[in-house]
Amino acid sequence: MDPLSTVLLVLIISSILFLIGAGLLSTIDALRLRSYLKANYYDRWQYVTTVPPFGAGGGNSPRFFRYVFSNEDNKDEKIVRLKDSIKRYFYTAIVFAFTIVVSVVFLFGIHFFHVV
């Protein structure tokens, strides 16, 4: 195996591990935010967790992510901190996912088309 392929494989594996880590940390902060909303802003918690027709307490991801990326409730410092943390992990996950895709394309290009 040539050195470039080895580097790309290491990059892919490390990116996958970082992607998993970012996903786990984002999930933990999302759970903390939902818990904080339930304890302190019950009406907002109901809105972001309601899944029609089942009611509140579910995992309505589109509503939750719209809430995380909105400016609502930004006067509460803890909410701002948790929302920023979730956004940071989300952006990190996007970067690592993109890195994986690009690395795989280069790896296939090297081995199957003898590019580079």
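For the stretch 1-55, what percent of Cα pairs sit more than 12 Å apart?
In whole percent, the long-distance tail amounts to 73.
Between F98 and A39, what is the label-point separation in nm under the 7 Å Cα-to-beta-carbon projection?
Rounded to a tenth, the inter-label distance reads 3.6 nm.
Evaluate the charge dipole of the chain about its Cα centre and quote only its size in Debye, nearest 20, assuming +1 on the Cβ of each Lys and Arg and -1 on the Cβ of each Asp and Glu.
For the chain, the charge dipole is close to 380 debye.
Between Y91, V101, P52, whose Cα lies farthest towards the positive end of the dipole of the stretch 3-112 when Lys and Arg beta carbons carry +1 and Asp and Glu beta carbons carry -1, centred on the Cα centre?
Sorting the options by dipole projection puts first P52.
Given the Cα-Cα distance of R81 and F112 and 0.36 nm per residue of separation, how much length would full extension add, in nm?
6.5 nm
Report the net charge of residues surrounding G21, where surrounding means a beta-carbon distance below 13 angstrom and charges are Lys +1, Arg +1, Asp -1, Glu -1. Intermediate results must be reported in sequence, preceding the final value.
Working: positive: R88; negative: D29.
The answer is 0.
Below 8 Å between Cα atoms, with a sequence gap of 6+, how large is the relative contact order for the chain in percent?
38
Hey, can you list the DSSP H helices of the chain whose Cα span along the axis is 18 Å or longer and whose average Kyte-Doolittle score is at least 0.5?
Those that clear 18 Å and a mean of 0.5 are 3-40, 77-112.
Over the Cα atoms of the stretch 3-112, each weighted equally, I'd like the Debye log10 I(q)/I(0) at q = 0.10, 0.11, 0.18, 0.21 Å⁻¹, rounded to two decimals.
Taken in order of the listed q values, log10 I(q)/I(0) reads -0.41, -0.47, -0.85, -1.03.
FYI, it's all coordinate maths here, none of it is from the lab. A quick note: this is a predicted structure, and the numbers were derived from the prediction, not measured. Heads up, the Cβs are rebuilt from the backbone with ideal geometry, glycines too, and the neighbour counts pull from every protein chain shown.
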